[in-house]
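Structure first, commentary second.
The values are calculated or read from the model by the stated rules, or taken from the named source; none is laboratory data. Keep in mind the model is a prediction, meaning the values are calculated, not measured. No Cβ is skipped: glycine too gets one built from the backbone with ideal geometry, and neighbour counts run over all protein chains shown.
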Amino acid sequence: MKDLFSELFDMFDSMDMFKAQPTTQQQYGKACPVCGHTWSDFSRTGRFGCGECYKTFRSGAEQVLRQTQSGNHAGKIPSKSSAEIKAKRHLDDLRRQLKTAVGKEDYETAAKLHAEIKQLEGGASK
């Protein structure tokens, strides 16, 4: 679990927003009661030492995530995941594209997307 955000933090390593400050100065004095990691350790490595760190440094971690994540994060689909998950994700993506196309009044693209969605939905129900 400690590597959960490591890839994300590696991307933002050189950016100022990665070096989020704790919401209070007391964060700096805290240490995880289980593993002993401090907020400074987290700021330096972008990783927590254990699951209890998430509770201990919750306010600071939430601030970092708000600064680095925007919108709804769906996450990656594991390469060995079922086709059903991939199909659902693809349908969700097509629906977002359809909504965007309608918002831009690009009705030709919207019609194509709508037809593709209906075809996929129809194929899934057979």
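For region 33-87, what are the residues that are at pLDDT below 80, hydrophobic (A, V, I, L, M, F, W, C) and part of a loop (DSSP other than H, G, I, E, B)? Passing the criteria: Ala74, Ile77. Taken over region 93-121, residues that are acidic (Asp, Glu) and surrounded by fewer than 13 Cβ atoms within 10 Å (Cβ to Cβ) amount to 4.
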